[in-house]
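Take a look at the structure below.
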Amino acid sequence: MTFISDQGSNAIDETQLRSPVTRAGYEYWLRKKGDRRFPSRTEFDPLLEVPRLARHIVLVEVLRDPLDFRYRLIGTAIRDNMVADWTGLRLSEIPMQRAPNPIWQHHEWVVEHRAPRFYRPAYLGPYKEFKFIESAQLPLGGDDSTVDMMMVFVDFLTKVAIQPPRLNRLSGSVSPVHPLPRR
């Protein structure tokens, strides 16, 4: 998959994903997508299919006329590390997320390009041990032309956790990258 990066947006390529959560979420989405541009929301049942990832999922509804985005579901691992629970709110109702904030711009990019977006902004929440948030923002829709929802996998990373996995020269195995345990 090709990725177009915007200067200053914290956008990354899918090959730069370091979190096991965002990588597994993207792989889950790819399996459902198949040969299509993107899958439909109705094809997913994360509580049954990938229960370990369910805590890290955000579902965002795409609203039109005017364009806006509503948080439909925010997983517990995300809510536990946020300042507030924004479930049910539109991005336009949240001062630090309304346009032209980068969060808004990432959502808008997914709708316009009908393609996944990956990014790793600095963490600005209440827990100082986290340095970054890594997100895989994945389009969903009933057809290949309209994104009507997004499934976002989010993980909170420490500075160390964004380093690439290391190869153990003796065993030939790769050591996994692990973020701090959840609260």
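Structural descriptor for the range 1-118: relative contact order 21 percent, calculated from alpha carbon pairs under 8 angstrom and at least 6 residues apart.
Please compute the length gained on full extension between D65 and R79, using 0.36 nm multiplied by the number of residues separating them and subtracting their Cα-Cα distance.
In short, 2.2 nm is gained.
Each Lys or Arg adds one and each Asp or Glu takes one away; over the other residues whose Cβ falls under 11 Å from the Cβ of R23, this sums to -3.
With the convex hull built on the Cα atoms of the range 11-162, state its orientation-averaged projected area in nm².
Mean shadow area of the hull around the Cα atoms is 8.6 nm².
Computed extension length for K128-T15: 38.0 nm, one decimal, from 0.36 nm per residue of separation with the Cα-Cα distance subtracted.
Laboratory data are not the source of any read-out in this text; all were calculated from the coordinates shown. From a predicted model like this one, the values you see are computed outputs, not experimental measurements. Quick reminder, even Gly has a Cβ in these numbers, built from the backbone with ideal geometry, and neighbours come from all protein chains shown.
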